[in-house]
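Comments concern the structure below.
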Amino acid sequence: PGTPPASALFADPKELAKYDVIIIDCDGAPVFPPGNQAANLLAWLDAGGRLLASHYADVWLVSAPGLFGAAAWIPGQAALPDLTAVVDTTFQRGQAFAAWLAAVGASPMLGQIPVQQVRHDLALVNYPAQRWLYANPNQIPFAPIAFTLDTPFGGQAGQACGRVLFTDFHVASGTGTGHFPDECGAPAPMTPQEKVLEYMLFDLASCVQPVCVPRTCKDLWLQCGLAQDGCGNQIDCGQCLFDLTCNGGHCVPALPHGDDGGGGGSMGGPPDGCVPADCKLFNIECGPASDGCGHPLDCGTCPPGVSCGGGGIPGQCGKPAN
(Lines give C-alpha, C1' and ligand atoms only; values in the text may rest on other atoms or scores of the structure.)
Protein backbone atom coordinates (compact mmCIF):
# COMPACT_ATOMS: atom_id res chain seq x y z
CA PRO A 1 0.00 0.00 0.00
CA GLY A 2 1.21 3.47 -0.86
CA THR A 3 3.70 2.29 -3.49
CA PRO A 4 3.88 4.98 -6.19
CA PRO A 5 3.03 3.99 -9.78
CA ALA A 6 5.86 3.23 -12.19
CA SER A 7 4.93 6.32 -14.19
CA ALA A 8 6.13 8.47 -11.27
CA LEU A 9 9.62 7.21 -12.09
CA PHE A 10 9.73 6.77 -15.85
CA ALA A 11 7.78 9.90 -16.81
CA ASP A 12 10.09 12.17 -14.82
CA PRO A 13 13.75 12.49 -15.92
CA LYS A 14 14.61 14.21 -12.63
CA GLU A 15 13.25 11.25 -10.68
CA LEU A 16 15.16 8.79 -12.89
CA ALA A 17 18.36 10.74 -12.26
CA LYS A 18 18.17 9.89 -8.54
CA TYR A 19 19.00 6.23 -9.23
CA ASP A 20 22.11 4.35 -10.38
CA VAL A 21 20.46 0.98 -11.13
CA ILE A 22 16.86 0.21 -12.06
CA ILE A 23 15.21 -3.21 -12.30
CA ILE A 24 12.24 -3.69 -14.62
CA ASP A 25 10.94 -7.14 -13.84
CA CYS A 26 8.59 -9.22 -15.95
CA ASP A 27 5.02 -7.86 -15.68
CA GLY A 28 3.46 -11.18 -16.65
CA ALA A 29 2.40 -9.67 -19.98
CA PRO A 30 3.88 -7.28 -22.57
CA VAL A 31 2.95 -3.83 -21.23
CA PHE A 32 4.42 -1.24 -23.58
CA PRO A 33 5.56 2.01 -21.94
CA PRO A 34 3.27 4.95 -22.72
CA GLY A 35 4.27 8.38 -23.95
CA ASN A 36 7.94 9.28 -23.84
CA GLN A 37 8.84 6.98 -20.94
CA ALA A 38 11.06 4.72 -23.09
CA ALA A 39 12.89 7.78 -24.44
CA ASN A 40 13.38 9.04 -20.87
CA LEU A 41 14.84 5.68 -19.89
CA LEU A 42 17.20 5.71 -22.86
CA ALA A 43 18.46 9.21 -21.98
CA TRP A 44 19.06 8.00 -18.40
CA LEU A 45 21.01 5.00 -19.73
CA ASP A 46 23.09 7.12 -22.08
CA ALA A 47 24.03 9.28 -19.08
CA GLY A 48 25.37 6.24 -17.21
CA GLY A 49 22.34 4.44 -15.80
CA ARG A 50 22.27 0.64 -15.39
CA LEU A 51 19.18 -1.43 -16.19
CA LEU A 52 18.23 -5.04 -15.48
CA ALA A 53 15.31 -6.05 -17.70
CA SER A 54 13.68 -9.48 -17.47
CA HIS A 55 11.45 -11.35 -19.94
CA TYR A 56 8.44 -9.17 -20.81
CA ALA A 57 10.47 -6.09 -19.89
CA ASP A 58 11.86 -6.53 -23.41
CA VAL A 59 9.09 -4.13 -24.48
CA TRP A 60 11.23 -1.31 -23.06
CA LEU A 61 14.19 -2.28 -25.23
CA VAL A 62 11.97 -2.62 -28.29
CA SER A 63 10.35 0.77 -27.60
CA ALA A 64 13.50 2.73 -26.73
CA PRO A 65 14.86 4.40 -29.87
CA GLY A 66 18.30 3.06 -30.67
CA LEU A 67 18.07 -0.16 -28.62
CA PHE A 68 15.78 -2.26 -30.81
CA GLY A 69 18.70 -3.34 -33.02
CA ALA A 70 20.61 -4.95 -30.14
CA ALA A 71 18.88 -8.27 -30.83
CA ALA A 72 16.73 -10.11 -33.35
CA TRP A 73 13.51 -10.11 -31.33
CA ILE A 74 10.90 -12.86 -31.68
CA PRO A 75 8.57 -12.07 -28.75
CA GLY A 76 5.77 -14.33 -27.72
CA GLN A 77 7.35 -17.68 -28.54
CA ALA A 78 6.53 -20.73 -26.44
CA ALA A 79 8.58 -21.08 -23.25
CA LEU A 80 11.61 -23.35 -23.41
CA PRO A 81 12.04 -26.39 -21.17
CA ASP A 82 14.47 -26.38 -18.27
CA LEU A 83 17.92 -26.74 -19.79
CA THR A 84 21.65 -26.58 -19.24
CA ALA A 85 22.75 -23.24 -20.67
CA VAL A 86 26.14 -22.56 -22.21
CA VAL A 87 28.26 -19.68 -20.93
CA ASP A 88 29.74 -17.60 -23.76
CA THR A 89 33.49 -17.67 -23.07
CA THR A 90 34.60 -15.95 -26.27
CA PHE A 91 35.32 -12.76 -24.28
CA GLN A 92 37.25 -12.11 -21.07
CA ARG A 93 34.29 -11.24 -18.83
CA GLY A 94 32.52 -14.40 -19.98
CA GLN A 95 35.58 -16.47 -19.07
CA ALA A 96 35.61 -14.90 -15.58
CA PHE A 97 31.88 -15.60 -15.26
CA ALA A 98 32.32 -19.28 -16.12
CA ALA A 99 35.23 -19.63 -13.68
CA TRP A 100 33.25 -17.97 -10.87
CA LEU A 101 30.22 -20.22 -11.40
CA ALA A 102 32.50 -23.24 -11.12
CA ALA A 103 34.20 -21.85 -8.01
CA VAL A 104 30.90 -21.38 -6.12
CA GLY A 105 29.57 -24.80 -7.13
CA ALA A 106 26.87 -23.52 -9.51
CA SER A 107 28.19 -25.32 -12.61
CA PRO A 108 28.03 -29.08 -13.08
CA MET A 109 30.73 -28.53 -15.72
CA LEU A 110 32.87 -25.50 -16.52
CA GLY A 111 30.99 -23.25 -18.92
CA GLN A 112 27.55 -24.78 -18.24
CA ILE A 113 24.74 -23.79 -15.87
CA PRO A 114 21.28 -25.27 -15.24
CA VAL A 115 18.49 -22.75 -15.97
CA GLN A 116 14.80 -23.05 -15.19
CA GLN A 117 11.72 -21.12 -16.32
CA VAL A 118 13.40 -20.20 -19.59
CA ARG A 119 11.59 -17.97 -22.06
CA HIS A 120 12.25 -17.44 -25.78
CA ASP A 121 11.98 -13.85 -27.02
CA LEU A 122 15.04 -13.37 -29.20
CA ALA A 123 16.92 -15.33 -31.86
CA LEU A 124 20.24 -13.50 -32.08
CA VAL A 125 22.31 -10.91 -30.24
CA ASN A 126 23.72 -8.24 -32.56
CA TYR A 127 27.18 -6.69 -32.21
CA PRO A 128 28.25 -4.74 -30.22
CA ALA A 129 25.79 -6.22 -27.71
CA GLN A 130 27.36 -9.17 -25.90
CA ARG A 131 25.73 -12.57 -25.38
CA TRP A 132 26.35 -14.22 -21.98
CA LEU A 133 24.15 -17.34 -21.85
CA TYR A 134 22.53 -19.37 -24.61
CA ALA A 135 20.89 -22.73 -25.20
CA ASN A 136 23.02 -25.48 -26.71
CA PRO A 137 22.52 -24.86 -30.45
CA ASN A 138 22.57 -28.60 -31.14
CA GLN A 139 19.46 -28.91 -28.99
CA ILE A 140 17.72 -25.53 -29.34
CA PRO A 141 19.18 -23.25 -32.02
CA PHE A 142 18.83 -19.47 -31.97
CA ALA A 143 18.04 -19.11 -28.28
CA PRO A 144 20.16 -16.54 -26.39
CA ILE A 145 19.17 -16.41 -22.73
CA ALA A 146 21.07 -13.37 -21.41
CA PHE A 147 22.97 -10.50 -22.98
CA THR A 148 24.33 -7.04 -22.17
CA LEU A 149 24.68 -3.88 -24.19
CA ASP A 150 26.45 -0.62 -23.42
CA THR A 151 24.89 2.76 -24.13
CA PRO A 152 24.87 4.87 -26.19
CA PHE A 153 24.44 1.68 -28.18
CA GLY A 154 26.52 1.36 -31.31
CA GLY A 155 28.26 4.69 -30.70
CA GLN A 156 31.92 5.54 -30.90
CA ALA A 157 34.20 3.05 -29.14
CA GLY A 158 35.11 4.19 -25.65
CA GLN A 159 32.19 6.62 -25.35
CA ALA A 160 29.67 4.24 -23.76
CA CYS A 161 28.64 5.05 -20.20
CA GLY A 162 25.48 3.05 -19.40
CA ARG A 163 24.65 -0.64 -19.51
CA VAL A 164 21.62 -2.91 -19.96
CA LEU A 165 21.37 -6.53 -18.85
CA PHE A 166 18.50 -8.52 -20.38
CA THR A 167 17.66 -11.97 -19.00
CA ASP A 168 15.12 -14.22 -20.71
CA PHE A 169 14.50 -16.42 -17.68
CA HIS A 170 12.75 -16.15 -14.31
CA VAL A 171 14.28 -16.51 -10.86
CA ALA A 172 11.29 -17.48 -8.73
CA SER A 173 12.11 -19.82 -5.88
CA GLY A 174 9.90 -18.30 -3.20
CA THR A 175 7.77 -20.67 -1.17
CA GLY A 176 6.05 -18.23 1.21
CA THR A 177 3.01 -15.99 0.82
CA GLY A 178 2.21 -12.31 1.08
CA HIS A 179 4.43 -9.36 0.32
CA PHE A 180 8.22 -9.16 0.19
CA PRO A 181 10.12 -10.41 2.12
CA ASP A 182 7.63 -12.89 3.61
CA GLU A 183 6.93 -14.32 0.16
CA CYS A 184 10.51 -15.59 -0.01
CA GLY A 185 9.82 -18.38 2.49
CA ALA A 186 12.31 -19.94 4.86
CA PRO A 187 16.05 -19.32 4.43
CA ALA A 188 17.64 -21.76 2.00
CA PRO A 189 20.90 -22.08 0.05
CA MET A 190 21.06 -20.07 -3.15
CA THR A 191 20.16 -21.99 -6.27
CA PRO A 192 22.56 -22.00 -9.25
CA GLN A 193 20.20 -19.66 -11.06
CA GLU A 194 20.19 -17.19 -8.15
CA LYS A 195 23.99 -17.24 -8.22
CA VAL A 196 23.88 -16.43 -11.93
CA LEU A 197 21.73 -13.39 -11.19
CA GLU A 198 23.95 -12.34 -8.28
CA TYR A 199 27.06 -12.30 -10.46
CA MET A 200 25.36 -10.48 -13.31
CA LEU A 201 24.04 -7.77 -10.97
CA PHE A 202 27.59 -7.08 -9.82
CA ASP A 203 28.79 -7.02 -13.43
CA LEU A 204 25.94 -4.69 -14.35
CA ALA A 205 27.22 -2.13 -11.82
CA SER A 206 30.87 -2.46 -12.83
CA CYS A 207 32.82 -0.03 -15.00
CA VAL A 208 31.88 0.09 -18.66
CA GLN A 209 34.80 -0.89 -20.85
CA PRO A 210 34.88 -0.25 -24.59
CA VAL A 211 34.40 -3.21 -26.88
CA CYS A 212 37.75 -3.76 -28.57
CA VAL A 213 37.60 -4.29 -32.32
CA PRO A 214 40.76 -6.15 -33.43
CA ARG A 215 42.69 -4.62 -36.31
CA THR A 216 43.98 -6.62 -39.25
CA CYS A 217 47.32 -6.42 -41.03
CA LYS A 218 45.56 -4.50 -43.79
CA ASP A 219 44.17 -2.00 -41.26
CA LEU A 220 47.70 -1.48 -39.93
CA TRP A 221 49.24 -1.20 -43.40
CA LEU A 222 51.57 -4.11 -42.61
CA GLN A 223 52.85 -6.58 -45.18
CA CYS A 224 54.83 -9.02 -43.06
CA GLY A 225 56.00 -10.05 -39.61
CA LEU A 226 54.24 -10.22 -36.26
CA ALA A 227 52.19 -7.39 -34.80
CA GLN A 228 49.52 -6.65 -32.20
CA ASP A 229 45.86 -6.31 -33.16
CA GLY A 230 45.23 -3.62 -30.54
CA CYS A 231 43.16 -5.97 -28.37
CA GLY A 232 46.01 -7.89 -26.75
CA ASN A 233 46.37 -10.55 -29.44
CA GLN A 234 49.30 -11.21 -31.78
CA ILE A 235 48.67 -11.48 -35.51
CA ASP A 236 50.94 -12.89 -38.20
CA CYS A 237 51.15 -10.71 -41.30
CA GLY A 238 53.06 -13.33 -43.29
CA GLN A 239 56.44 -13.53 -44.96
CA CYS A 240 57.98 -11.66 -47.86
CA LEU A 241 58.42 -13.34 -51.24
CA PHE A 242 61.38 -13.57 -53.60
CA ASP A 243 64.45 -11.61 -52.47
CA LEU A 244 62.58 -9.19 -50.24
CA THR A 245 63.03 -8.99 -46.48
CA CYS A 246 60.69 -7.81 -43.72
CA ASN A 247 61.69 -4.44 -42.32
CA GLY A 248 59.34 -2.59 -39.96
CA GLY A 249 56.39 -4.63 -41.21
CA HIS A 250 57.13 -3.87 -44.87
CA CYS A 251 58.75 -5.99 -47.59
CA VAL A 252 61.87 -4.26 -48.89
CA PRO A 253 64.80 -5.43 -51.04
CA ALA A 254 67.23 -7.59 -49.07
CA LEU A 255 70.67 -6.25 -48.30
CA PRO A 256 73.19 -7.35 -50.97
CA HIS A 257 75.78 -9.96 -49.97
CA GLY A 258 78.46 -8.87 -52.41
CA ASP A 259 79.40 -8.62 -56.05
CA ASP A 260 77.94 -11.48 -58.10
CA GLY A 261 80.46 -10.94 -60.93
CA GLY A 262 77.87 -9.31 -63.14
CA GLY A 263 78.84 -5.74 -62.51
CA GLY A 264 76.25 -5.39 -59.77
CA GLY A 265 78.39 -3.27 -57.46
CA SER A 266 81.07 -3.76 -54.85
CA MET A 267 80.86 -5.69 -51.59
CA GLY A 268 78.21 -4.15 -49.33
CA GLY A 269 77.10 -1.61 -51.96
CA PRO A 270 73.59 -1.17 -53.28
CA PRO A 271 72.39 -3.23 -56.22
CA ASP A 272 72.58 -1.61 -59.63
CA GLY A 273 69.61 0.63 -60.39
CA CYS A 274 68.36 0.68 -56.77
CA VAL A 275 66.44 3.84 -55.88
CA PRO A 276 66.62 4.48 -52.13
CA ALA A 277 63.36 5.15 -50.30
CA ASP A 278 62.66 7.17 -47.17
CA CYS A 279 60.80 6.54 -43.94
CA LYS A 280 57.63 8.19 -45.24
CA LEU A 281 57.40 5.90 -48.25
CA PHE A 282 57.57 2.83 -46.01
CA ASN A 283 55.13 4.43 -43.51
CA ILE A 284 57.72 4.10 -40.72
CA GLU A 285 57.42 6.73 -37.99
CA CYS A 286 60.38 5.94 -35.78
CA GLY A 287 63.46 3.86 -35.13
CA PRO A 288 66.04 2.35 -37.47
CA ALA A 289 65.14 1.04 -40.90
CA SER A 290 66.64 0.41 -44.32
CA ASP A 291 66.25 2.49 -47.46
CA GLY A 292 65.90 -0.69 -49.51
CA CYS A 293 69.32 -0.24 -51.07
CA GLY A 294 71.44 -1.39 -48.18
CA HIS A 295 71.73 1.94 -46.40
CA PRO A 296 70.48 2.53 -42.87
CA LEU A 297 67.73 5.05 -42.15
CA ASP A 298 67.01 6.88 -38.92
CA CYS A 299 63.28 7.48 -38.79
CA GLY A 300 63.50 9.53 -35.60
CA THR A 301 62.07 9.28 -32.11
CA CYS A 302 58.56 9.43 -30.69
CA PRO A 303 57.03 12.29 -28.69
CA PRO A 304 56.75 12.03 -24.89
CA GLY A 305 54.22 9.50 -23.61
CA VAL A 306 54.64 6.99 -26.42
CA SER A 307 57.48 4.80 -27.61
CA CYS A 308 58.61 3.25 -30.86
CA GLY A 309 56.76 -0.05 -31.21
CA GLY A 310 55.06 0.49 -27.83
CA GLY A 311 51.64 -0.18 -29.32
CA GLY A 312 52.80 -3.49 -30.77
CA ILE A 313 53.40 -2.19 -34.31
CA PRO A 314 57.06 -2.06 -35.39
CA GLY A 315 58.18 1.33 -36.58
CA GLN A 316 55.10 3.11 -35.22
CA CYS A 317 54.76 5.35 -32.14
CA GLY A 318 52.29 4.03 -29.61
CA LYS A 319 51.67 2.71 -26.16
CA PRO A 320 50.31 -0.59 -24.86
CA ALA A 321 46.53 -0.96 -24.77
CA ASN A 322 44.94 -0.67 -21.31
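The values are calculated or read from the model by the stated rules, or taken from the named source; none is laboratory data. These numbers come from a predicted model, not from an experiment. In this analysis, Cβ positions are derived from the backbone assuming ideal geometry, glycine residues included, and neighbour counts consider all displayed protein chains. Areas reflect the complete protein model, heavy atoms only, side chains present, ligands, DNA and RNA absent. Shrake-Rupley method; radii C 1.70, N 1.55, O 1.52, S 1.80 Å.
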Test set (1) at pLDDT 75 or above; (2) open to solvent by 80 Å² or more (accessible area, probe 1.4 Å); (3) in contact with a Cys (Cβ under 8 Å, 6 or more places away or on another chain) - residue 299 fails condition number: (2)
Filter result for residue 144 (modelled with pLDDT of 90 or more and either farther than 24 Å from residue 51 by Cβ or open to solvent by 60 Å² or more (accessible area, probe 1.4 Å) (or both)): no
Filter result for the condition that a residue is hydrophobic (A, V, I, L, M, F, W, C) and modelled with pLDDT of 90 or more, over 180, 166: 166
Counted residues, segment 85-141 - those being of a type in the set (A, V, I, L, M) and over 21 Å from the mean Cα position of the chain (by Cα): 10
Close pairs from segment 304-322: first assigned to a strand (DSSP E or B) and modelled with pLDDT of 75 or more, partner open to solvent by 50 Å² or more (accessible area, probe 1.4 Å) and small (Gly, Ala, Ser), Cβ under 8 Å, at least 6 apart: 317/307; 318/307
Residue list for segment 222-253, filter: within 19 Å of residue 288 (Cβ to Cβ) and either without any contact (Cβ under 8 Å) to a residue 24 or more places away in the chain or open to solvent by 40 Å² or more (accessible area, probe 1.4 Å) (or both): 223, 226, 240, 244, 245, 246, 253
Where residue 155 falls short, out of the listed (1) more than 27 Å from residue 81 (Cβ to Cβ); (2) in contact with a Pro (Cβ under 8 Å, 6 or more places away or on another chain); (3) of a type outside the set (S, T, N, Q): (2)
